[in-house]
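Just below is one structure, and these are the notes that go with it.
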Amino acid sequence: MTSLPTASSSTQALSAPLPTPEHALLALVTSPGTISELARTENPDARMMLAELSVGLTPAVATSAPKLFQLNRQLGEATVVKLLVVILKSFVDSVKVPTKPDAADIIEMADTLAQTYTHDSIKDIVLALKDMRTQGTKFYQSLDPSTIYAGLNKYFEKKADFLENQHYDQKVMGQAAEAVALRTFSVSAGEVLDNIAARIPEDHPNRERLRRRLSLAKARAARNLISKEQHEKVQAEHRQMTTRPDRKDWGKKPNRNAA
């Protein structure tokens, strides 16, 4: 008599990871078969895998995915080209026009993409082709390699703009975080200027006199012997005196003793 599955075995079955579209595509291209067969044969299952892969796919997700040169090292260049052949073949089959690229065109395009977009991801290619279908590209009863290359170029131009905006946003957020940190630690502008004013150059001819003057002003301010405005005035004068702008007409005096 066959025993029923236990609670623990049922839990293990439910917690087992489901195969992802990426794993399914990799299994397809590594199974027995030539690259010509992949480029020539229509495969509805591959189209479904790519449709699942494109769900929720954004430039940010595609940018964080492994790059082609990394996949070349991990899987081998031949496997990466096969992946691109399956992606291009599925795209070509999805476009309902009478004139399309043939198997040789698809293999040639896959090899070109593998060599051109080494620092972009497979998901970038998938998203670029998806954009061509969903954003109103007109094929006019034919689809040729030049149309596909133009669509890819348009996507990567858009991706470049996205990365530039992302860098700008991160820079702005970083500046905002610095401002919050400054407020959090209660560092007032006066304290910052106080620290700056205390940095007297080592080679300043009046360094000791300025240092004593600043220390005396701080001590007086701490004991409320001078007002805040008077202390700030001393700081401003101190900063002005410690600034030594370069002058082109200044230089070392000639050594008169040199014969």
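Put simply, of Ala24, Ala104, Ala62, Ala78 the only residue that is in contact with a Ser or Thr (Cβ under 8 Å, 6 or more places away or on another chain) and either assigned by TED's automatic domain parsing to the domain that holds Gly151 or in contact (Cβ under 8 Å) with a residue 12 or more places away in the chain (or both) is Ala62. Considering segment 224-259, and only residues there that are assigned to a loop (DSSP other than H, G, I, E, B) and modelled with pLDDT of 75 or more, the residue that is surrounded by the most Cβ atoms within 10 Å (Cβ to Cβ) turns out to be Ile226.
Out of the residues in segment 137-158 that are hydroxyl-bearing (Ser, Thr, Tyr) and part of a helix (DSSP H, G or I), state the one that is surrounded by the most Cβ atoms within 10 Å (Cβ to Cβ). That would be Tyr155.
When Pro21 is tested against the conditions (1) surrounded by 15 or more Cβ atoms within 10 Å (Cβ to Cβ); (2) at pLDDT 90 or above, the lone failure is (2).
Among the numbered conditions (1) closer than 18 Å to Lys82 by Cβ; (2) surrounded by 14 or more Cβ atoms within 10 Å (Cβ to Cβ), the only one that Ala128 does not meet is (1). Here is the figure for segment 88-121: residues that are in contact with an Asp or Glu (Cβ under 8 Å, 6 or more places away or on another chain) and among the hydrophobic types (A, V, I, L, M, F, W, C) total 1. Pairs linking a residue in segment 208-230 that is more than 17 Å from Gln240 (Cα to Cα) and free of Cβ contacts under 8 Å to residues at least 40 places away in the same chain to a residue that is surrounded by 13 or more Cβ atoms within 10 Å (Cβ to Cβ) and among the β-branched types (Val, Ile, Thr), with Cβ atoms under 6 Å and 6 or more positions apart or on different chains, are Arg220/Ile226. Looking at Asp120, Asp105, Asp93, just one residue is modelled with pLDDT under 95, buried (at least 16 other Cβ atoms within 10 Å of the Cβ) and charged (D, E, K, R), and that residue is Asp120. The residues in segment 105-126 that are more than 23 Å from Thr20 (Cβ to Cβ) and of a type in the set (Val, Ile, Thr) can be counted, and the count is 5.
The values are calculated or read from the model by the stated rules, or taken from the named source; none is laboratory data. Quick caveat, the model's predicted, so the values are computed rather than measured. Cβ atoms come from the backbone with ideal geometry, glycine included; neighbour counts cover every protein chain shown.
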